[in-house]
């Protein structure tokens, strides 16, 4: 009897330690929901886009927490744009019954928060570089999927989202140029 109780406790402990991230849960739910490949690929794109936006927003939050005057000004400029894009993706997901992550992945959050350990003199540059590169990758994902998808709703959203993502990139390049002049 004691042996069975010990086994049950061990199984419970192992299953508790295997918590899944919001992104993984969304992907599993979508695989079960969508029977044809194009719909499943569109759902996966929406999951990836949502995850990328959560990561970008987490990076802006780091600048606000670090409270570096220059980075805060830039973060305050780009965060509303990112939040608007996220709101639009969430509305699309809701309308199409697509499960999406509710937060950045644990790894992305850890990477973003690692920037808080930077010296104040190095924070702005490293933060800007990380955010700019992450946004550049995000733009690449949007452009790439826009060329592949046949879903007109996604194409329409991409056509409106890309200018906003590029404006964010322009703001980050301007901030980086300001830093190099100092």
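Every condition in (1) in contact with a helix residue (DSSP H, G or I) (Cβ under 9 Å, 6 or more places away or on another chain); (2) closer than 28 Å to residue 28 by Cα is met by residue 116 except one, and the failing one is (2). Considering 20, 41, the condition of being modelled with pLDDT of 65 or more and outside any helix (DSSP H, G or I) is satisfied by 20 alone. With respect to the conditions (1) more than 19 Å from residue 137 (Cβ to Cβ); (2) at pLDDT 95 or above, residue 55 lacks only one, and its number is (1).
In segment 119-130, what count of residues is obtained for those that are without any contact (Cβ under 8 Å) to a residue 40 or more places away in the chain and either touching a helix residue (DSSP H, G or I) at 6+ places or on another chain (Cβ under 7 Å) or within 13 Å of residue 61 (Cα to Cα) (or both)?
Step one: filter segment 119-130 for residues without any contact (Cβ under 8 Å) to a residue 40 or more places away in the chain, giving 119, 121-122, 126.
Among the residues that remain, those that are also either touching a helix residue (DSSP H, G or I) at 6+ places or on another chain (Cβ under 7 Å) or within 13 Å of residue 61 (Cα to Cα) (or both) are: 126.
Residues in segment 119-130 being without any contact (Cβ under 8 Å) to a residue 40 or more places away in the chain and either touching a helix residue (DSSP H, G or I) at 6+ places or on another chain (Cβ under 7 Å) or within 13 Å of residue 61 (Cα to Cα) (or both): 1 in total.
The values are calculated or read from the model by the stated rules, or taken from the named source; none is laboratory data. Predicted model, so just to flag it, every value in this text is computed and none were measured. Every residue, glycine as well, gets a Cβ built from its backbone with ideal geometry; the counts of neighbours run over all protein chains shown.
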